[in-house]
Amino acid sequence: SEAPLLYTVEDGVARLTLNRPDSLNSFNAELHAEMRRTLEAVRQNGSVRALLLTGSGRGFCAGQDLSDRNVAPGAEAPDLGESLEKRYNPMLRALRDLPFPTVCAVNGVAAGAGANIALACDIVLAARSASFIQAFCKIGLLPDSGGTWTLPRLVGMARAKGLAMLGDRLSAEQAEQWGMIWKVVDDEALQDEALTLARHLATQPTRGLALIKRALHASADNSFDQQLDLERDLQRLAGRTADYREGWPPSWKSVSQASRGS
Ligand code: T3D
């Protein structure tokens, strides 16, 4: 049978494609194992400078494969805490902590954990026909894969509560209007545009982008004062990178000339 996860590296971009289209790329144990292995390989691969995550077929990801969760009456309940501890949480941590930009191309419906995996990426593009569903409440669960942390920060508490407690389908366009994602793209242009964006990011100062990511992530838990201290520390590191030292005179000149209209 076909691999549940497709993985290529080209032009500094690691492309991961969830590939269980018959079940809308839902996560079974095999896909979890492949994701874990591949995210580790991506982190270790010195030539990778951006990651692009997408799905095959008409969906992006429907979250947990519920056919692995059939609970017969009277049977012992599965330990979902263990599922998060051993599978989802390590995946989300690995994805979020990658020291380079992650782009998600949401090609179709993103439901349950699938929605929150997408939202854990740095830049989220979605096909116009895609949608996001915090489906958990319909089966008695709460948003996981970081959703209860990510959602209020992206869309505010009122919308986070509505999404999480109602489980309604949010269109890609509404998600863009709410600032939950970066951009909606026409369906037929999605993969090209996402790849172009990921390739562009892979040519940019990777260490600087990693520091941006660190600072923005830390801001969620810091006071303004703490964040100023963090910016000082990280800017010190950024100022020592070859990218800064080689890059600033010509790009500064071209920027200032452009802004003077010459
Ligand atoms: O358990 C733990 O470890 C805890 C962690 C939980 C994390 C979670 O993600 S919990 C939330 C799980 N996901 C869901 O509740 C979403 C379930 N799916 C849906 O609600 C709908 O499929 C969608 C709204 C996403 C899409 O609807 P639609 O009408 O476009 O497609 P469909 O017909 O429902 O699905 C197409 C096929 O995919 C279908 O199979 P079939 O009939 O063609 O053979 C359907 O059964 C299958 N499928 C969809 N989602 C899942 C799935 N199969 C297994 N697991 C799924 N989650």
For Q64, the residues 5 or more places away or on another chain with a placed amide H closer than 5 Å to its own amide H are F27, A113, G114
For the peptides 76-87, 204-215, 9-20, what is the packing order when you average, over each peptide's residues, the other Cβ atoms within 10 Å and list the highest mean first? 9-20, 204-215, 76-87
So if each residue of separation counts as 0.36 nm, and I subtract the Cα-Cα distance between D11 and D97, what length gain in nm does that give? 28.8 nm
Would you kindly derive the ³J(HN,Hα) couplings of region 45-51 from the backbone phi angles with the Karplus curve 6.51 cos²θ - 1.76 cosθ + 1.60 (θ = phi - 60°), listing them in order in whole Hz, with x for Gly and Pro? 7, x, 8, 7, 10, 6, 10
The answer for M180, listing residues at least 5 apart or on another chain whose modeled amide H is closer than 5 Å to its amide H, is none
Helix-derived [θ] at 222 nm for the chain: sum -39500 (n - 2.57) over DSSP H runs of at least 4, divide by residue count, nearest 500? -14000 deg cm²/dmol
Given a Förster distance of 22 Å, report the FRET efficiency between E193 and A220 from their Cβ-Cβ distance, rounded to the nearest 0.05. 0.20
Can you give the FRET efficiency to the nearest 0.05 for E82 and R245, using r as the Cβ-Cβ distance and R₀ = 45 Å? 0.40
For a quick check: with amide H placed at 1.01 Å from N, whose amide H comes under 5 Å from G55's, ignoring anything fewer than 5 positions away on the same chain? L18, N107
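Every read-out reported here was derived from the displayed coordinates using simple, explicitly stated rules and does not represent laboratory data. Quantities reported herein were computed from a predicted structural model and do not represent experimental measurements. Cβ: placed from backbone, ideal geometry, glycine included. Neighbour counts: every protein chain shown.
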